[in-house]
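Please read the structure below before turning to the comments.
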Amino acid sequence: MRSLLIACLCIPACAVPSQDPPEPQLFLPNPESFGSRDRNYGQVESVDGSVRVYAAQRGDETDLMMVLRTDSGWSEPVLVQAPRRETNTTPHFSRLDGRLYYSSDAPHPERPGRRDRNIWSGVLGESGELSDLRPMSNAINTGANEESPSFTDDGEFFFSSDHTRGIGGFDIYRAEETTAGWMVETVPFNTQMADTHASVTPDGQSVFFYAHLPDVIGVVDIFRADRTDEGWSEAVNLGAIINTGLIDYAPAISQDGETFFFSRQGQMMEIDASAAFAAKADITTTP
């Protein structure tokens, strides 16, 4: 009787199934016709979750593409109609105003003849037309290349730029609009290499980005820095579930906070958002 009782007591503990870590899934797999210099990356979601927009690089040119959520999945990609010379890239839907923000080398109305990329915004229509186009303030668009716009729900703005005021090839900046204009500052987790494709969580507590930091698994990896009471944590590598020996980049979070988007070697991926927060940042903070 005693041995039977012990066996019965073990059943609940033994019956608990182990949970496997989430695995990345392909989103809109690239067609077989893809060339060696073709990439899809940077998918983001509209405020209501009905539209996704991503950057589609084809050789030297990059356009924004959109897909619509349907009852059976996602529609075929549609071109987002916006001016450019060669590049429209790094889209972001702001939950503050619902507008689509992106980086473009389209001619800046105040800087004719220049070919740098600036951050613009517009209203995306159902057929892919982008209207009411506006470049952001000259405090953001400097004449260098600006990209990777990302807003928090409180209006903090993060972006990347290769302006010489930074310390690396590309650096991440934090900006805030005040009554006196935009206040712009670099973030403390920039390195002397390229830090870009910044994406901040809506609550402003974490910034995802890709970097050439020393502890990369591949060519470039995706990292996360977390806000603390004292400043920002050290950047942490998201680990081998997301980062591989390939090129992993272009991170973002879905509007409902449940899915993490990124690209691997030019193919768009998605995974349960818990995987993006599993790696713990060092408690070391910088102001």
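Coordinate-derived values only; no laboratory data. What you are looking at is a predicted structure, and each value in this text was computed from that prediction instead of being measured. No Cβ is skipped: glycine too gets one built from the backbone with ideal geometry, and neighbour counts run over all protein chains shown.
Positive end of the dipole of the chain (Cβ unit charges, origin at the Cα centre): among THR201, TYR249, PRO21, the Cα lying farthest that way belongs to TYR249. Other residues lying with their Cβ under 12 Å from the Cβ of TRP120 contribute a combined charge of 0, Lys and Arg counting +1, Asp and Glu -1.
If you add up the charges near THR87, with Lys and Arg at +1 and Asp and Glu at -1, over every other residue whose beta carbon is less than 15 angstrom from its beta carbon, what do you get?
Local charge sum for THR87: -2.
Recomputing Kirkwood radius over Cα pairs in Å from the coordinates shown identifies the correct label among (1) 20.0; (2) 18.3; (3) 22.0 as (1). Entry note, the stretch 168-287: relative contact order of 20 percent, from Cα contacts under 8 Å with a spacing of 6+ residues. Across the stretch 123-138, computed HN-Hα scalar couplings (Karplus, 6.51 cos²θ - 1.76 cosθ + 1.60, θ = phi - 60°) run 9, 8, x, 5, 9, x, 6, 10, 10, 6, 6, 9, x, 6, 3, 5 Hz from first to last residue, x flagging Gly and Pro. Tell me whether the stretch 14-164 comes out rounded, prolate or oblate; compute the Cα gyration tensor, take square roots of the eigenvalues as a ≥ b ≥ c, and use a/c under 1.5 as the rounded threshold. Here the stretch 14-164 falls in the prolate category. Per-residue ellipticity at 222 nm, computed for the chain from helices alone with -39500 (n - 2.57) per DSSP H run of at least four residues, works out to -2000 deg cm²/dmol.
Just check the stretch 161-287 against the gyration tensor rule for me: Cα atoms, a ≥ b ≥ c as the square roots of the eigenvalues, rounded for a/c under 1.5, and otherwise prolate or oblate depending on whether a/b exceeds b/c. Prolate shape, in that a/c is at least 1.5 and a/b is the bigger ratio. Only one residue of VAL219, VAL184, ILE119 has its Cα farthest out toward the positive end of the dipole of the chain, where Lys and Arg carry +1 and Asp and Glu -1 on Cβ, and that residue is VAL219.
Using the Cα centre of the stretch 38-281 as the reference point, and only Cβ charges (+1 on K/R, -1 on D/E), how large is the resulting charge dipole? Debye, rounded to the nearest 20. Before the final figure, lay out each step's value.
Values: 19 positive and 39 negative charges, 125 e Å.
Here the stretch 38-281 has a charge dipole of around 600 debye.
Amide H contacts of THR259: SER254, ALA273, each under 5 Å away and 5 or more positions distant or on a separate chain (H built 1.01 Å from N in the peptide plane; Pro and chain starts excluded).
Peptides 49-55, 196-202 ranked from most to least packed by the mean count of surrounding Cβ atoms within 10 Å: 196-202, 49-55.
Quick check: net charge around ALA240, other residues with Cβ under 11 Å of its Cβ, Lys/Arg +1 and Asp/Glu -1?
On the way: positive: none; negative: ASP221, ASP248.
Result for the neighbourhood of ALA240: -2.
Taking the Cα centre as origin and putting +1 on Lys and Arg beta-carbons and -1 on Asp and Glu beta-carbons, what dipole magnitude results for the stretch 167-287, to the nearest 20 debye?
Numbers: 5 positive and 18 negative charges, 59 e Å.
Charge dipole, the stretch 167-287, about its Cα centre: 280 debye, nearest 20.
Each residue of the stretch 107-112 is assigned a 3J(HN,Hα), and the resulting list reads x, 7, x, 9, 9, x Hz, derived from the Karplus form 6.51 cos²θ - 1.76 cosθ + 1.60 (θ = phi - 60°), x at Gly and Pro.
I'd like the antiparallel share, as a percent to the nearest 5, of DSSP beta bridges with both residues in the chain. Around 95 percent antiparallel, to the nearest 5. Remark: the stretch 186-199, residue by residue, has Karplus-estimated 3J(HN,Hα) of 6, 8, x, 9, 5, 10, 7, 9, 8, 10, 7, 6, 5, 9 Hz, where x stands for each Gly or Pro and the curve is 6.51 cos²θ - 1.76 cosθ + 1.60 at θ = phi - 60°.
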